[in-house]
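S.K.: Provided herewith is a single structure, encoded as C-alpha cells, for subsequent inquiry.
Every read-out reported here was derived from the displayed coordinates using simple, explicitly stated rules and does not represent laboratory data. Only a predicted model underlies this, so the values are computations on that prediction, with no experimental measurement involved. Here the Cβ is made from the backbone with ideal geometry for all residues, glycine too, and neighbour counts use every protein chain on show.
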Amino acid sequence: MMFKKNKKIDIKNEYDQILLYQVRYLKRALLLAQESETALVDSRVNGHLIEAQTALKRAKFNYVYREARHRQTVEDMQNMWFQGE
C-alpha cells in the first residue's frame, strides 16, 4: 500500500513539472506574439490575423495557467511575468 502512494505522488510531481514547463513556454510565446503584434501594426500584414493569433496564444496560456493554479502548482505570478528567462 505504501509504495503505491509514493508512486502516485511521484507521478503527480512529474506531471506538475510538465505543466509548469508548459506555462513557462506559453508565457514566452504570448509575450513574443504581443511584441510581434505591436511591431507589425505598421506593416502590410493583415492586422486581424495577427490579433487572432495573439488572442489564441493568450487563451492557451490562460487555460494552462488556470489548470496549474487549480492544481496548486504554479509559481508566483510576479516572478513568472518579470523574470528574465
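S.K.: Express in nm, to one decimal, how much length is gained between Glu51 and Tyr21 on full extension, taking 0.36 nm for each residue of separation and deducting their alpha carbon distance.
M.R.: Values: separation 30, 0.36 × 30 = 10.80 nm, distance 2.50 nm.
Additional length available on full extension: 8.3 nm.
S.K.: Remind me, relative contact order of the range 14-74 in percent, using alpha carbon pairs under 8 angstrom and six or more residues apart?
M.R.: On the way: 32 pairs, mean separation 31.1, N = 61.
Answer for the range 14-74 is 51 percent.
S.K.: Let me ask something else about it. Return the distance in nm (one decimal) between the two label points of a simple spin-label model at Ala39 and Tyr63, each offset 7 Å from Cα along Cα→Cβ.
M.R.: 2.7 nm
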